[in-house]
Amino acid sequence: MADEVETLDLIGDLPPSWKVARFGDVLEGGTRNGIYKAKDFHGRGAKIVNMGELFAHPRLRDVPMKRVELSDSEMEKSCLKKDDLLFARRSLVAEGAGKCIVVAEVKEPTTFESSIIRARPNPQVVDSLFLYYLFNSPYGAYVLQTIRRQVAVSGITGTDLVELPVPLPPLAEQKAIAAVLGALDDKIELNRRMNATLEATSRALFQSWFVDFDPVRAKLDGRQPVGLDPATAALFPESFDGSAVGQIPNGWSIKPVGEVVDCVGGGTPSTAEPIYWEDGTHHWTTPKDFSSLQAPVLLETDRKLTDAGIAKISSGLLPAGTLLLSSRAPVGYLAIAAMPVAINQGFIALKCNDFASNFFMLNWCQTNMAEIESRATGTTFAEISKQNFRPIALRSMGSGSLSLSHWSACSGTSSIGPSKS
């Protein structure tokens, strides 16, 4: 068994059967930094895990990756095996250094780049998945923070990493803990895939109905629109009219998006004034809250405001169901607020209505993202202002035309919050 090390106060009292080990003592061969190869060697050969895969795939499976040509000796030293742990060696974002993932499967020769550290747990002593969950726990975040060094970028070293203390139950108990957490992650991953499938289906349906006008074209050709019941099909016109942006269904019109929905911005009350923040109860969001969203719904925010803080923002507390579009750093994050929320100056909030629901506008923004991004300006970072966003053309369906209740029913989705079809 690995040598025990002194228990940190943070760990607290452990069951008698648990031990605290030095991380390096539960590894096979310590740690290894990834490989660096000149550009001439890229584009062929073994798969290579880059920082993009590390941050996108907590349990890394057989996903598409870039490739690099390696010699036999390089591959032997820097290959990846199932159950290896990978750590971000450096990151522009402080908390990114030390990010830990586990290699869940390897189907062909795979290596890892120089900004990544590999640690290979000894399966006779420790369960790799248990360690993965440990390093992604509050305890893991704490001990990794203790070895981060900040120069131009935040970073950790393998030398420091192996010295970290890790609390370990008996191996059978490690496997049981990891199995429970792994089953929960499997369910979460399955739900994410299902969400992605539903979102792709709704985007395709939106494209068909409101961009390509397939139901109108079918009726124009004397055909029944595919997949529509007679009542929904009857809501589509049977001909086209000309417009400034090309043909649109008869009776529809082109309107600036700012005339269809109310577009407002936000602000940040002084962080030096405790009266705006201490014991706040009102959700207040920044684009940072969107970086980890797995679906376009905002359920929680990192910070909250008091009544006094809300009063300092001109748009105030926006209602549940408001669609939020990040307007800078970067442009294009989208989410529907599941609760009342205030926003900082990094957003354009779309207060939707019965004429254009939040779900319709979410799909409209996704479909028109290239146009939205093209209207962004700025030298330090791109930003789209409300002034540049509001004139973007939206095909308006006209009073009494297709309602979003039909859209929601056919796409298998529904609006969030009080805005409805």
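Tabulated values for the structure
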quantity	calculated
Among the residues listed as Ala244, Ala231, Ala196, the single one being surrounded by fewer than 12 Cβ atoms within 10 Å (Cβ to Cβ) and outside any loop (DSSP other than H, G, I, E, B)	Ala231
Checklist (1) within 26 Å of Pro165 (Cα to Cα); (2) open to solvent by 30 Å² or more (accessible area, probe 1.4 Å); (3) hydroxyl-bearing (Ser, Thr, Tyr) applied to Ser71, failing item	(1)
Check on Gln345, surrounded by fewer than 16 Cβ atoms within 10 Å (Cβ to Cβ) and polar (S, T, N, Q)	yes
Residue list for the range 126-165, filter: open to solvent by less than 10 Å² (accessible area, probe 1.4 Å) and over 29 Å from Tyr36 (Cβ atoms)	Val126
In the range 101-125, residue farthest from the chain's Cα centre (by Cα) [restricted to those that are crowded, with 22+ Cβ neighbours inside 10 Å and among the hydrophobic types (A, V, I, L, M, F, W, C)]	Ala119
Any hit, the range 159-166, residues being in contact (Cβ under 8 Å) with a residue 60 or more places away in the chain, under 30 Å from Cys100 (Cβ atoms), in contact with a Ser or Thr (Cβ under 7 Å, 6 or more places away or on another chain) and in a helix (DSSP H, G or I)	yes
Yes/no for Ala178 being open to solvent by 60 Å² or more (accessible area, probe 1.4 Å) and among the small types (Gly, Ala, Ser)	no
Candidate set: the range 182-193, residues that are under 27 Å from Ser91 (Cα atoms) and open to solvent by 60 Å² or more (accessible area, probe 1.4 Å); chosen: the one farthest from the chain's Cα centre (by Cα)	Ile188
Close pairs from the range 362-384: first of a type in the set (Phe, Trp, Tyr), partner in a helix (DSSP H, G or I), Cβ under 9 Å, at least 6 apart	Trp364/Phe206; Trp364/Phe210; Trp364/Val257
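The values are calculated or read from the model by the stated rules, or taken from the named source; none is laboratory data. Computed from a predicted structure; not experimentally measured. Neighbour counts are summed over all protein chains in view; Cβ atoms, including those assigned to glycine, are modelled from backbone coordinates with ideal geometry. Just so you know, the surface numbers come from the protein's heavy atoms only, side chains and all, with ligands and any DNA or RNA stripped out. Shrake-Rupley method; radii C 1.70, N 1.55, O 1.52, S 1.80 Å.
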